[in-house]
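Novice: Pasting a structure here, questions to come.
The values are calculated or read from the model by the stated rules, or taken from the named source; none is laboratory data. Here the structure is a predicted model, which is why all the values come from computation and not from measurement. Neighbour counts are summed over all protein chains in view; Cβ atoms, including those assigned to glycine, are modelled from backbone coordinates with ideal geometry.
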Amino acid sequence: MFRRAVVTAAALAAAVAWSVFPASAAAVTTKGTGWKLTSDLGVTSASPSRTYTVTFKTEALRKRYTPYLQPAVRQVEAAGLHLRIGGVEPNDPSRCGPAYHIQFMELYRPLGTPGWSQGMPCPGQPRGLGRGGLVAIDSEYWDGSWVIADHVLRNTVVHEMLHALGLDHPNSDLDKDGRAEPYECVATRYGNRPVMCSPNGGYRTAANKGRLTGYDIDGIKALLKNARAQGIK
Ligand SMILES: [Ca+2]
Ligand SMILES: [Zn+2]
């Protein structure tokens, strides 16, 4: 639900110092209706040509999360970003993995808060080009200590993957009380908030849970558009 550092604060600071603001910032759009990019971590685009690969720390995790991710992965592909579900590889919550990998793991309360998971892109990338990231799902969902509805679980897993691709929370101050509050996100006329809303939104129906909303798809398209605007392949 939140995206802060799996990577250590020191590593983050060093990486962000590299370039939070790309030289061609003028060509980059970082937010729109219902979507926002992770510009404060220096990620504003995604490669239109490279393939991003989701990997898992263990075979058990691969089996567990692959079905949850498949519908969303197909939508991201349809939006033009090459994304595939891969296999098992070691990962380390304190550092980013191979380029263009999104590494899934389970940790006990990765943010220290009961029931919260986290995902983040590798920060401070040259020209703001996202190169994948890390996802840590709270292990409490599986040991019975945190009760989570199936649609919330599925939307959470997808939400964290989208963080690793470079999408941020699009919460904004819709009621003009001076603060962008939890759940304060645009919604469709059916009341569906972006999956990237914080805490996570997304569909609640059996047919659509774990699928991106149109807002989230617009965010994915913006990552690609920014890359093209900067001549990133
Ligand atoms: Ca508000
Ligand atoms: Zn989040």
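Novice: Working carefully through the options Ala222, Ala164, Ala187, Ala206, find the one that is within 16 Å of ligand 1 (Cβ to nearest atom) and at negative phi.
Specialist: Ala187
Novice: Under the condition of being out of contact with any Leu (no Cβ under 7 Å at 6 or more places or on another chain) and in a loop (DSSP other than H, G, I, E, B), which residue from the stretch 146-170 is nearest to ligand 2 (Cβ to nearest atom)?
Specialist: His169
Novice: Residues to consider are Lys209, Lys233; find the one that is surrounded by 16 or more Cβ atoms within 10 Å (Cβ to Cβ) and in contact (Cβ under 8 Å) with a residue 12 or more places away in the chain.
Specialist: Lys209
Novice: Among Asp143, Asp173, which is modelled with pLDDT under 95 and either assigned to a loop (DSSP other than H, G, I, E, B) or away from ligand 2 (no atom under 12 Å from the Cβ) (or both)?
Specialist: When all the criteria are applied, what remains is Asp143.
Novice: Could you figure out which of (1) within 16 Å of ligand 2 (Cβ to nearest atom); (2) touching a His at 6+ places or on another chain (Cβ under 7 Å); (3) of a type outside the set (Gly, Ala, Ser) isn't true of Tyr52?
Specialist: Answer for Tyr52: the failing condition is (1).
Novice: Looking at the stretch 173-183, can you tell me whether even one residue there is surrounded by 13 or more Cβ atoms within 10 Å (Cβ to Cβ) and under 18 Å from the mean Cα position of the chain (by Cα)?
Specialist: The answer is no, given that none of the residues of the stretch 173-183 is surrounded by 13 or more Cβ atoms within 10 Å (Cβ to Cβ) and under 18 Å from the mean Cα position of the chain (by Cα).
Novice: Say we look at the stretch 38-54 and pick out the residues that are touching a helix residue (DSSP H, G or I) at 6+ places or on another chain (Cβ under 8 Å) and part of a strand (DSSP E or B); which of these is farthest from Ser198 (Cα to Cα)?
Specialist: That would be Tyr52.
Novice: For the stretch 210-221, indicate whether the set of residues that are within 30 Å of Lys63 (Cα to Cα), within 16 Å of ligand 2 (Cβ to nearest atom) and in contact with a Ser or Thr (Cβ under 6 Å, 6 or more places away or on another chain) is non-empty.
Specialist: No; the residues of the stretch 210-221 include none that is within 30 Å of Lys63 (Cα to Cα), within 16 Å of ligand 2 (Cβ to nearest atom) and in contact with a Ser or Thr (Cβ under 6 Å, 6 or more places away or on another chain).
Novice: Let me ask another. Tell me, which residue of the stretch 190-203 that is more than 17 Å from Gly219 (Cα to Cα) and either free of Cβ contacts under 8 Å to residues at least 40 places away in the same chain or outside any loop (DSSP other than H, G, I, E, B) (or both) is farthest from ligand 1 (Cβ to nearest atom)?
Specialist: Here the answer is Tyr190.
Novice: Regarding the stretch 185-192, can at least one residue be identified that is buried (at least 18 other Cβ atoms within 10 Å of the Cβ) and of a type outside the set (Val, Ile, Thr)?
Specialist: yes
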